[in-house]
Each structure stands twice: as C-alpha cells, then as structure tokens.
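Presented below is the structure to which this report refers.
No lab work stands behind these numbers, since they all come straight from the coordinates. Quantities reported herein were computed from a predicted structural model and do not represent experimental measurements. Cβ atoms come from the backbone with ideal geometry, glycine included; neighbour counts cover every protein chain shown.
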Amino acid sequence: MINRRTFGRALGLGAGGAVAATLVGASGSAHASAAPRRPAGAAAATAAGPRGSGGFPPLKTVRAGLLEVGYAEVGPAHGPPVICLHGWPYDIHSFAEVAPLLAAEGHRVIVPYLRGHGTTRFVSPRTFRNGQQSALALDIIALMDALGLEKAVLAGFDWGARTADIIAALWPERCKALVSVGGYLVVNLEANLRPLAPATEHAWWYQYYFATERGRIAMEDKAKRHDLTRLVWDTVSPTWHFDDATFARTAAAFDNPDYAAVVIHNYRWRLSLAEGERRYEPYEKRLATRPVVTVPTVTLDAERDPFTAPGDGSAYRDRFAGPYDHRTLKGIGHNLPQEAPEAFARAVLDAGRL
C-alpha cells in the first residue's frame, strides 16, 4: 500500500498529498494531467541522506562488467530496489527530484550514469565504445550483479526506457516491474531503414547530423556540443522553463572522454551506418523479433514530446502482455522525470503493485 501521507510530505503538499493524488486520479485513471513541478520538501531530503553536489549524496562507483559505473544512491540500503535510467542528452539529474520521493517511500533508489556519461568509465582503453542497445542493457545487468540485486523495478526515459524495455523483455526474472516513457522503444534495424512522415523525420534532425563527420566533430567540440544539446532540450521540452544552472549541471556529464564516441555510435548503429559487435548478436537477433514484455508495466506518454507516438499508447499496446497501465501527461515534454517528478514517482510506486 502506498503511504500517501509520507508521499505527500515528501512533495511538500501536507498530509493529504492532494496534488500527488490527482496525478493518477482517485481511481487510478489511465490518463493523468501533470501538475506544476514543485521542489522536494524536507521529508524527501531527510530520506535521501546528506546532500552532495547537484542534489544527490556523494556519488559511488562499482566495477560492473566492462565499466566502472558511477551512480547515485538514496534511500534505505535494504529497501526494495528501483533503478532509474536516463536518456540523451541528459544524465542522472533527470531523477534528482524523483529519487528522494521514492526513498521517502522506503525504496533503495539507484541512478547510474550510462556508458559514456558522467563518472562512468570503461575499464579497458581497448574496449570498443559501443552505443548499441543490447550493450547498454547488459551494462545494467552487470550493475545489478555487482550490487547483488536479483531483481529491481526499472524505470527510464529515452535511452533509459529502451534499456529497461530490453531487460524486461529478455531477462524478465531481473525486472520486478517496468516504467517506460514512450512505451516500447526497442530498436528495429529493419524498420529504421524505411522513411517516416516528414514531420516525424524533422524531429530526428540530430540523428542524421550525427551520421556525418560534421556531426561527429561537433560532438567532440565542447562549445558546439553544449549548444547542440541545449537546443535539443529547448525543442523537445517546449513547456519546461529550466534555467541555465539546471542545464549546466547535466552538461557536465557530457565531458566524459567517451561521450562523443558512444553517442555517435548509438545513432549511426540505429540507422545501420555503423556495425555492432559480434558479442551482442544473439541479443540483437532476439530483439529483432520484437519480444513481448510480460512484467507489470506502466507506460507514460508526454503530450508535448515530439517523439510521442499518436494514438495514446495504441501503437505499442500489443508489446505488453502483463499487468498494465498507460498514462498521458498533458503539457509535459521529453524529459518527463525532471519535468513531472511527482507523476513519474507515482508511476514507479504503482507499477510495483500492479
């Protein structure tokens, strides 16, 4: 049972938690309007522990597979685990307000930097800086193994949603429940060879830019990378009024020495312009069949996200065969966890009890 009193205090809403309740509706409605974003209150800060830079406690690192993974952790060490996964061009701070809300409900919340981001580093300089989808999913499996987590709720958006979807589909025994912004985001290389409607293609302009050497050079240049990623933030979250400091806090994660290589490979691989690695072929073959997700799932669509598929989730509904709920957040853009942290946290809590 969700402790609405604790959740309401963490949101700074008082004992009733009125706004938190309206995010889902009194009867758990499948369609929710996002309330204005509010800062986490004192209860959330207490649950999260002493504050480090950027709103998280001091970051941790752990050897996990091919990586030394940098991650934030909040909440009780023996609480039910939740792993929150960021996208591009974002970082762990997309969950800076989500994490203490979940910690206040007793969850152990782990927020890792994906490969090529922040404090995460490759163990070997000889490892190919691969951005293909199964590589990122196996990174998280390795992280779970390193932390001794048999199973966790996986929640993410953009690259993070794709990574969570893949783990839920291929390793359901490791996924207690799933929260996926944008629904079923598993890359289908064959489908990606076919053109989309011009308006849809327009939203993906940077994907085609990264297919060129000009795009690669821009990502390696700090000033150009800053301006490019800031433009993406502005265009895909048109109603989110973030300040320069908020962007700068995240942009620091893009100074990782492997950032450009991983990002460029990710987008080129999606368009079949770059090869993957043989070690991942068995997983990619399974993903090409579009495997169904059977774990309890909440999917979230952001109304103002240009990548949100039309049809209120109908485009991917057949990919989720287990307990399921879908919600559309009105007036919210692509960086949904940071734009609507209360709604995202509520989805995580609800998914865990579907």
Quick calc: nm separation of the 7 Å Cα→Cβ label points for L231 and A315 -> 2.3 nm
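Would you mind classifying the range 187-251 by shape? Square roots of the alpha carbon gyration tensor eigenvalues, ordered a ≥ b ≥ c; an a/c under 1.5 is rounded, otherwise it is prolate if a/b is larger than b/c and oblate if not.
Cα axes put the range 187-251 in the oblate bin.
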In nm, the gap between the two label points placed 7 Å beyond Cα toward Cβ at K151 and E303 is 3.6 nm
Between the residues A251, L193, F157, the Cα farthest towards the positive end of the dipole of the range 112-271, that dipole coming from +1 and -1 charges on the beta-carbon of Lys, Arg, Asp and Glu, is from L193
Dividing the mean separation of Cα pairs under 8 Å (6+ apart) by the residue count of the range 170-282 yields a relative contact order in percent of 38 percent
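What does the C-alpha gyration tensor say about the overall shape of the range 201-354? Classify as rounded when a/c is under 1.5, otherwise prolate if a/b is larger than b/c, or oblate. Spell out each step's value before the answer.
Numbers: a/c = 1.97, a/b = 1.21, b/c = 1.63.
Here the range 201-354 falls in the oblate category.
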In whole Å, largest first, the alpha carbons of the range 73-122 cover along the principal axes 30, 21, 12
So L189 and E173, fully extended at 0.36 nm per residue minus their Cα-Cα distance, gain in nm 3.2 nm
A chain fully extended from R279 to Y209 at 0.36 nm per residue, minus the present Cα-Cα distance, gains in nm 22.4 nm
Any lysines whose Cα falls less than 29 Å from that of K176, other than same-chain ones fewer than 8 residues away, would be K60, K151, K285, K330
Checked the range 220-304 with the C-alpha gyration tensor, a ≥ b ≥ c its square-rooted eigenvalues, rounded below a/c of 1.5, otherwise prolate if a/b is larger than b/c and oblate if not; verdict oblate
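Near D91, within a Cβ-to-Cβ distance under 12 Å, what is the net charge of the other residues, with Lys and Arg +1 and Asp and Glu -1? Before the final figure, lay out each step's value.
On the way: positive: R249; negative: D158, D255.
Around D91, the charge tally is -1.
How much net charge surrounds A211 when only other residues with a Cβ under 12 Å from its Cβ are counted (Lys, Arg +1; Asp, Glu -1)?
Details: positive: R214, R216, R268, R270; negative: E213.
Here the charged neighbours net out to +3.
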Given 252-261, 162-171, 335-344, 197-206, the highest-first ranking by average Cβ count within 10 Å works out to 335-344, 162-171, 252-261, 197-206
From the Cα centre of the range 102-143 to that of the range 307-337, the distance in Å is 24 Å
